[in-house]
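Engineer: Structure in structure tokens, see below.
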Amino acid sequence: MSDWPGRGEEFDLVRLPGNPRMCETVKEFLNRQRKFVSQTKWPPGTKFECKGCADCCTWYFIVMSVDEELVKQLYARAKYPSGFWEKSSQEKIRVGMPGFSFMGVIPTDQDEYLRVTGKTWGYWVLNLKGNVVLYNPTPCIQLTEDKQCAIYEGRPRVCRVYSCRRWPVIA
């Protein structure tokens, strides 16, 4: 604990996190993205088409599982655990918050995506399920000014299999 600047009271990171808005900002982002995804329950096998809006190329998040002991350590350090992440090495992410950091492992296809798209940093929050949500709010470096993918034919697997489920193909 340290003195709260300009006040006579103590500052406790567990009670009053250093950046309480970061968690809310990421939640707002994820909720905004959820609105883009159709909430309609489509029959199994429904196909969807891409309209080329490029919204999926301007943001990204990965949900990374962490063990229960790490979750306890994070909550011991802050009421709303959050901070920054950066790509460290192949399939490794360095996740940090003031005074604490840890390494996380991400799947190979996610690693390829981060490398090819230039998304090597971002923000993170601990969600209510005890998972670390890694978030990057920047456009892909392969996205052209006219919202086209410069590497469409050779794009990462994550991009090839992604379906925003906005526009079903109605026969």
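The values are calculated or read from the model by the stated rules, or taken from the named source; none is laboratory data. Keep in mind it's a predicted model, so treat the numbers as computed, not measured. Positions of Cβ are backbone-derived with ideal geometry, glycine not excepted, and every protein chain shown enters the neighbour counts.
Engineer: Take the residues in the range 55-80 that are surrounded by fewer than 16 Cβ atoms within 10 Å (Cβ to Cβ) and among the hydroxyl-bearing types (Ser, Thr, Tyr), then tell me which one is modelled with the highest pLDDT.
Structural biologist: TYR75
So that you can scan it fast, the table gives a plain yes or no per residue for (1) touching a Phe, Trp or Tyr at 6+ places or on another chain (Cβ under 8 Å); (2) farther than 28 Å from TYR75 by Cα:
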{"site": "ASN131", "(1), (2)": "no, no"}
{"site": "PRO137", "(1), (2)": "yes, no"}
{"site": "GLU145", "(1), (2)": "no, yes"}
{"site": "ARG155", "(1), (2)": "no, yes"}
{"site": "VAL158", "(1), (2)": "yes, yes"}
{"site": "SER163", "(1), (2)": "yes, yes"}
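Engineer: As an exercise: evaluate SER101 against (1) touching a strand residue (DSSP E or B) at 6+ places or on another chain (Cβ under 7 Å); (2) over 27 Å from THR46 (Cβ atoms); (3) of a type in the set (S, T, N, Q); (4) in a loop (DSSP other than H, G, I, E, B) and give the number of the one condition it does not meet.
Structural biologist: (4)
Engineer: Let me ask you something else. Within the set of pairs 6+ apart or on separate chains, which have a first residue in the range 30-53 that is within 30 Å of ASP146 (Cβ to Cβ), a second that is modelled with pLDDT of 65 or more and loosely packed, with under 11 Cβ neighbours inside 10 Å, and C-beta atoms under 7 Å apart?
Structural biologist: Partner pairs satisfying both residue conditions: LYS47/VAL169; PHE48/VAL169; GLU49/VAL169.
Engineer: Something else now. One residue is enough: does the range 104-117 have a residue meeting the conditions buried (at least 18 other Cβ atoms within 10 Å of the Cβ) and assigned to a strand (DSSP E or B)?
Structural biologist: Yes, that holds for at least one residue.
Engineer: For residues that are assigned to a strand (DSSP E or B) and of a type in the set (S, T, N, Q), scanning just the range 119-142, find the one that is nearest to the chain's Cα centre (by Cα).
Structural biologist: Per the criteria, the residue is ASN136.
Engineer: What is the one condition in (1) touching a strand residue (DSSP E or B) at 6+ places or on another chain (Cβ under 7 Å); (2) more than 25 Å from ARG157 (Cβ to Cβ); (3) surrounded by fewer than 20 Cβ atoms within 10 Å (Cβ to Cβ) that GLU91 does not satisfy?
Structural biologist: (2)
Engineer: Please work out which one of (1) closer than 27 Å to TRP42 by Cα; (2) among the hydrophobic types (A, V, I, L, M, F, W, C); (3) touching a helix residue (DSSP H, G or I) at 6+ places or on another chain (Cβ under 6 Å); (4) assigned to a loop (DSSP other than H, G, I, E, B) is the condition ILE170 fails and give its number.
Structural biologist: The failed condition is (3).
Engineer: Among the residues of the range 46-74, write down those that are assigned to a helix (DSSP H, G or I), over 18 Å from the mean Cα position of the chain (by Cα) and not hydrophobic (A, V, I, L, M, F, W, C).
Structural biologist: Answer for the range 46-74, where residues must be assigned to a helix (DSSP H, G or I), over 18 Å from the mean Cα position of the chain (by Cα) and not hydrophobic (A, V, I, L, M, F, W, C): GLU68, GLU69, LYS72, GLN73.
Engineer: With the requirement that a residue be among the hydroxyl-bearing types (Ser, Thr, Tyr), in a strand (DSSP E or B) and touching a residue at least 60 places away in the same chain (Cβ under 8 Å), what does the range 75-96 give you?
Structural biologist: Answer for the range 75-96, where residues must be among the hydroxyl-bearing types (Ser, Thr, Tyr), in a strand (DSSP E or B) and touching a residue at least 60 places away in the same chain (Cβ under 8 Å): just SER82.
Engineer: So, one more: Take VAL133 and decide whether it is surrounded by 17 or more Cβ atoms within 10 Å (Cβ to Cβ) and of a type in the set (Val, Ile, Thr).
Structural biologist: yes
Engineer: Applying the selection to the range 75-122, what residues are among the β-branched types (Val, Ile, Thr) and either closer than 17 Å to ASN136 by Cβ or touching a helix residue (DSSP H, G or I) at 6+ places or on another chain (Cβ under 8 Å) (or both)?
Structural biologist: ILE93, VAL95, ILE106, VAL116, THR117, THR120
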